[in-house]
1. Output the number of residues of segment 35-69 satisfying the condition of being more than 9 Å from the ligand (Cβ to nearest atom), within 14 Å of MET126 (Cβ to Cβ), assigned to a loop (DSSP other than H, G, I, E, B) and open to solvent by less than 40 Å² (accessible area, probe 1.4 Å).
2. Identify the single condition in (1) open to solvent by less than 40 Å² (accessible area, probe 1.4 Å); (2) under 24 Å from THR275 (Cβ atoms) that LEU121 does not satisfy, given that it satisfies every other one.
3. Condition test on PHE152, is it surrounded by fewer than 19 Cβ atoms within 10 Å (Cβ to Cβ), aromatic (Phe, Trp, Tyr) and more than 16 Å from the ligand (Cβ to nearest atom)?
4. Going by the structure shown, is GLU194 farther than 21 Å from ASP64 by Cβ, open to solvent by 40 Å² or more (accessible area, probe 1.4 Å), part of a loop (DSSP other than H, G, I, E, B) and at pLDDT 95 or above?
5. Restricting the first residue to segment 33-57 and requiring it to be over 25 Å from LEU280 (Cβ atoms), which pairs with a second residue that is near the ligand (Cβ under 9 Å from one of its atoms) and not in a helix (DSSP H, G or I) meet a Cβ separation below 6 Å and a spacing of at least six or different chains?
6. Going through segment 102-118 one residue at a time, which ones are polar (S, T, N, Q) and either open to solvent by less than 20 Å² (accessible area, probe 1.4 Å) or at pLDDT below 95 (or both)?
7. Please enumerate the residues belonging to segment 173-191 that are touching a strand residue (DSSP E or B) at 6+ places or on another chain (Cβ under 7 Å) and open to solvent by 60 Å² or more (accessible area, probe 1.4 Å).
8. Considering segment 301-344 alone, what residues qualify as being of a type in the set (Asp, Glu), farther than 22 Å from ASP246 by Cα and either buried (at least 18 other Cβ atoms within 10 Å of the Cβ) or modelled with pLDDT of 95 or more (or both)?
Amino acid sequence: MNTVFRLFSLVLLASLPKGYAMDNLKLSSGYNIPSVGLGTSSIKPYDLENAIINALENGYKHIDTAFTYHNEEAIGKVLKKWFAKGGARENLFITSKLPSQGNRPESVEKYLKQSLKDLGLDYVDMYLIHTPFGLKEGVNNSPKEVNGIEIFENVNHNALWKEMEKQVKNGYAKSIGLSNFNQSQIDNVYKNAEIKPSNLQVEIHAYLPQKQLRQFCKKHNIVVTAYAPLGSHNSRTYLHKSTGKDLPALIDLPIIKDLAQKYKKSPSQILLRHTVQDDLVVIPKSSNSDRQKLNIDLFDFKLTAEDVKKIDNLDKGEKGRVFDFLKFYKGLENNPQYPFVEQS
Ligand SMILES: NC(=O)c1ccc[n+]([C@@H]2O[C@H](COP(=O)([O-])OP(=O)(O)OC[C@H]3O[C@@H](n4cnc5c(N)ncnc54)[C@H](OP(=O)(O)O)[C@@H]3O)[C@@H](O)[C@H]2O)c1
């Protein structure tokens, strides 16, 4: 009976299409990270509670948030109800981030504990340093308040990382990683780390695929999370530098629409599949339950190498970047820790 079952499993495995991305990826910390998460940064406060409940009911296990998004308390309220209904903490993967104004060793635990309090959790699954550059304590995220004021503070990345490692040892974070760091900044942290960064969260979509950075991370066993994986078309017009802001929304491109028709999928699924198929995590934001369902349903088809190439050809390099942070922080481009100068 056992042999028949094993034979049946082998036949089943052999008949599965090769190259399918898993719906979980293994982190160097030993934990799994779900390949799709819900982005929450731009969900309107009045939509937030419903968006999170819908996402959990739609099967999302991974939620991406940050101190800076000012939504952790609201997410915490939803999680509390979810757990009361029988949802298990260990089935969820919650990411939070140390804000730029917390980028000094003595502030790490304070900000992480505040996020944990707001989320109503004992630990986060992933804690990321949100940016490689630092802001003075008390500096608000609003661009109006920082114009013309000396707002930056130099960050000692290695000393900061030591404190991040302490959060793992203390049990407040299962895994730790980086966000918006460039290759040489990651390399520096990596080389000096006792606990290696297991995750890098950066902007990645068809206009800005960042292939070289992805190669580097693959070599160092760092799982890459693609933020703004649909190209953040609603943010593009007001956030991007003037050069690239006229780029059309990726989901409206004829090439993407044609592929959607060919595979009988939505344009968003084509774009997200293109990214998860290369073993990246994606964290699309949607407040809409139907679109959330589309965005997580990526694992029953595979793009051919030829179609992957067609999407690869949309690469615009730096012109494709939406989140350059320059609209937020005046003078940031002159900060020596500004990350986006040496990447192509
Ligand atoms: N680490 C960082 O510094 C950083 C920076 C930026 C973003 N992030 C993270 O990445 C997440 C995602 O980024 P993002 O929100 O800027 O961009 P995105 O996920 O690329 O795009 C979100 C936009 O696409 C729409 N959308 C979602 N699903 C769709 C579908 N199936 N069809 C058509 N439109 C769809 C959404 O509208 P609806 O809601 O109406 O569906 C929203 O307007 C953020 O929420 C945040 O968690 C991190």
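1. 1
2. Looking at each condition in turn, LEU121 falls short on (2).
3. Working: surrounded by fewer than 19 Cβ atoms within 10 Å (Cβ to Cβ): no; aromatic (Phe, Trp, Tyr): yes; more than 16 Å from the ligand (Cβ to nearest atom): yes.
Answer is no for this residue.
4. yes
5. Filtered contacts from segment 33-57: ASP47/SER287.
6. Answer for segment 102-118, where residues must be polar (S, T, N, Q) and either open to solvent by less than 20 Å² (accessible area, probe 1.4 Å) or at pLDDT below 95 (or both): ASN103, SER107, SER115.
7. Residue satisfying the conditions is LYS174 alone.
8. Within segment 301-344, GLU306, ASP307 meet the criteria.
The values are calculated or read from the model by the stated rules, or taken from the named source; none is laboratory data. Source: prediction; values computed, not measured. Glycine gets a Cβ as well: all are built from the backbone with ideal geometry, and neighbour counts include every protein chain shown. Quick note on the areas: whole protein, heavy atoms, side chains included, nothing else; ligands and nucleic acids left out. Shrake-Rupley method; radii C 1.70, N 1.55, O 1.52, S 1.80 Å.
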